[in-house]
1. Dimensions of segment 131-200 along principal axes (Cα, Å, largest first)?
2. Where does each of V143, V283, V346, V29 land when they are ranked from fewest to most other beta-carbon atoms within 10 angstrom?
3. In whole Å, what are the extents of segment 193-285 along the principal axes defined by its C-alpha atoms, from largest to smallest?
4. For an R0 of 22 angstrom, estimate the FRET efficiency from the Cβ-Cβ distance between Q279 and L215 and round to the nearest 0.05.
5. Which value results when the Cα radius of gyration for segment 34-99 is divided by 2.2 N^0.38 Å?
6. Given a Förster distance of 41 Å, report the FRET efficiency between R305 and Q350 from their Cβ-Cβ distance, rounded to the nearest 0.05.
7. For the charge dipole of segment 1-46, defined by +1 on Lys and Arg C-beta atoms and -1 on Asp and Glu C-beta atoms about the Cα centroid, which residue among H30, G15, M1 has the Cα displaced farthest towards the positive pole?
8. Can you sort W229, W168 so the residue with the fewest Cβ neighbours within 10 Å comes first?
Amino acid sequence: MNKTALITGITGQDGAYLSRLLLQKNYRVHGLKRRSSNENQDRAEQLHLIDFVSNSDGASYQTHYGDMTDTAGLVRLIDEIRPDEIYNLAAQSHVRVSFDMPEFTGNVNGLGTLRLLEAIRLLGLEKNTKFYQASTSELYGNVQGKQNEETPFAPRSPYAAAKLFAYWTTVNYREAYGIFACNGILFNHESPLRGENFVTRKITNSVAKIHYGLLDKLTMGNIDACRDWGHAADFVEGMVLMLQQAIPDDYILATGEVHSVREFIEKTFARLDYEIVWQGKGVDEKGIERKSGRTLIEIDPIFFRPTEVRYLCGDSSKAKKFLNWKPRHSFDDLIDDMLRHDLDSVQNSQSSFPSERIKNKFKSN
Ligand code: NAP
Ligand code: G4F
């Protein structure tokens, strides 16, 4: 029997990788997709999802227009599909943007989760439909040391406050109504499909453009922030595993390794033989290429957040023990994967550019 899954946020980074994984497992994948003036199929196309559908036994991929703020539409869709599993990935997922759009963020990320869980209850699907909630390491705020499932939450943004509401709503619907509902508390995970306004992709994309002469410099916010960065392809595997267990529970997915934004910048430039030296302090700090003396990085306070989360590092031993989950990509693999993709796309958009330096750099991969 093919299982049926509904993915909200199917057009996002995780939605694309999760769709690919579920199609490989012969699921019938349905996705909630916002109606906007531009069609957004780009990520599905980049992962060749259509090829997976045509090569798989009974697998299918179908998107449906809808919005996390439209209660009746969500109820109708769940009634029509009657999914075995719902993966709630839809969110206004940018922390900085949530300070500019706090009410919208609360509505989509917080109330949106409640709407889905209420739909399951109203339709009498408590025993039929399992539910995955995309919770986040942002819930922890500025806690010292490694964070685990017992670490208290202290959100520091409208994004995290809305996700806190969604986290506890998921726990409450599990306890009150017996719904198989799980929180995946995921630490930062990135990929070539990451949105270009998140820090890792901004860096790899800008470094590729600087390399090809399409951008002068990279303009950054707080480069001393530290994150536990993994690869999205590994993390979606953990999401699926959570819903295959005998008992619903909440799990952290993380690599347990921490790096600063500064280090991410240095390592990305180093891949292309640019050595960065830092001069100055605070907003006057600059990253300069040693060989040429050219300024490649500047700081602009526009990218600072009113309240920052300085350090995140997750302990995923519970997921390792009970789900047998662990990340496969290293930090260096992640940078290579993202940079290679961005170099290729910049080069393809400028097909006359010479690429010997790139070919030499990555010929072993
Ligand atoms: P993403 O690339 O920003 O994708 C977000 C998705 O949500 C997009 O498909 C977006 O649709 C959709 N969406 C936004 N507002 C919506 C609305 N009102 N109605 C319906 N859909 C809406 O995010 P991601 O990195 O894949 O993350 C997936 C989920 O995991 C998010 O909930 C995020 O908060 C959470 N999370 C992510 C990370 C991470 O490091 N990536 C870590 C922890 C938790 P459009 O394409 O139309 O914009
Ligand atoms: O890449 P970021 O925007 O990701 P952030 O804020 O950690 O949030 C991401 O991960 C969360 C999990 O912990 C998810 F829940 C959330 O949905 C999202 O996927 O920023 C990372 C760090 C921050 O400390 C930020 O201040 O990088 C710092 N940073 C420095 N300069 C910058 C920039 N961030 C962005 N986006 N752009 C900059 O220019």
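What follows is calculated from the coordinates using simple rules that are stated; it is not laboratory data. Keep in mind the model is a prediction, meaning the values are calculated, not measured. Positions of Cβ are generated from backbone atoms using ideal geometry, with glycine treated the same way; all protein chains shown enter the neighbour counts.
1. Ordered largest first, segment 131-200 gives principal extents of 40, 29, 22 Å.
2. Details: V143 17, V283 11, V346 21, V29 30.
Least crowded to most crowded, the residues run V283, V143, V346, V29.
3. Answer, in whole Å and largest first: 54, 28, 21 Å.
4. Values: r = 20 Å, r/R0 = 0.93.
For Q279 and L215, the calculated efficiency is 0.60.
5. Numbers: Rg = 14.6 Å, N = 66, 2.2 N^0.38 = 10.8 Å.
My calculation over the Cα atoms of segment 34-99 gives 1.35.
6. Details: r = 34 Å, r/R0 = 0.82.
It comes out at approximately 0.75.
7. My answer, from the dipole projection, is M1.
8. On the way: W229 23, W168 15.
Least to most surrounded, the residues fall as W168, W229.
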